[in-house]
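Beneath this line is the structure, given in structure tokens, with notes to follow.
The values are calculated or read from the model by the stated rules, or taken from the named source; none is laboratory data. The structure presented is a predicted model; accordingly, all values stated were derived computationally and were not measured. Glycine gets a Cβ as well: all are built from the backbone with ideal geometry, and neighbour counts include every protein chain shown. With ligands, DNA and RNA removed, areas are computed over all heavy atoms of the protein, side chains included. Shrake-Rupley method; radii C 1.70, N 1.55, O 1.52, S 1.80 Å.
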Amino acid sequence: MAAITEDQRHCGLSVTEYRLIAARAFPQWSMAMLAWDPEIEATLGPLADMGLFCIPPDDAAPIFRSLTMTSRWSVL
């Protein structure tokens with residue numbers, strides 16, 4: 001948790017529960033890195049000016065699916 005709270009990309013965090021777990025709830029999920037460039041801006045279209053932080057929740061899933069198909073998506 002310390003790494004997340006120190007990362008400037010995250011803000012307004014609230015811990016609602018802190019406990020040890022036996023295993024990850026979603027082990028198939030992974031982190032990824034996205035290199036921001038003209039290909040990504042074209043994929044996002046008019047949402048590019050907002051960055052990834054302000055995407056409306058109803059639009060997030062299809063947008064992220066599109067981003068995973070670009071050449072700039074790297075699974076960590």
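Looking only at helices (runs of 4 or more DSSP H) that lie completely in region 2-76, which have at least 2 residues being open to solvent by 100 Å² or more (accessible area, probe 1.4 Å) and either touching a residue at least 24 places away in the same chain (Cβ under 8 Å) or of a type outside the set (S, T, N, Q) (or both)?
57-68
Test Arg65 against the criterion of being at pLDDT below 80, under 12 Å from the mean Cα position of the chain (by Cα) and on the phi < 0 side of the Ramachandran plot, and give yes or no.
no
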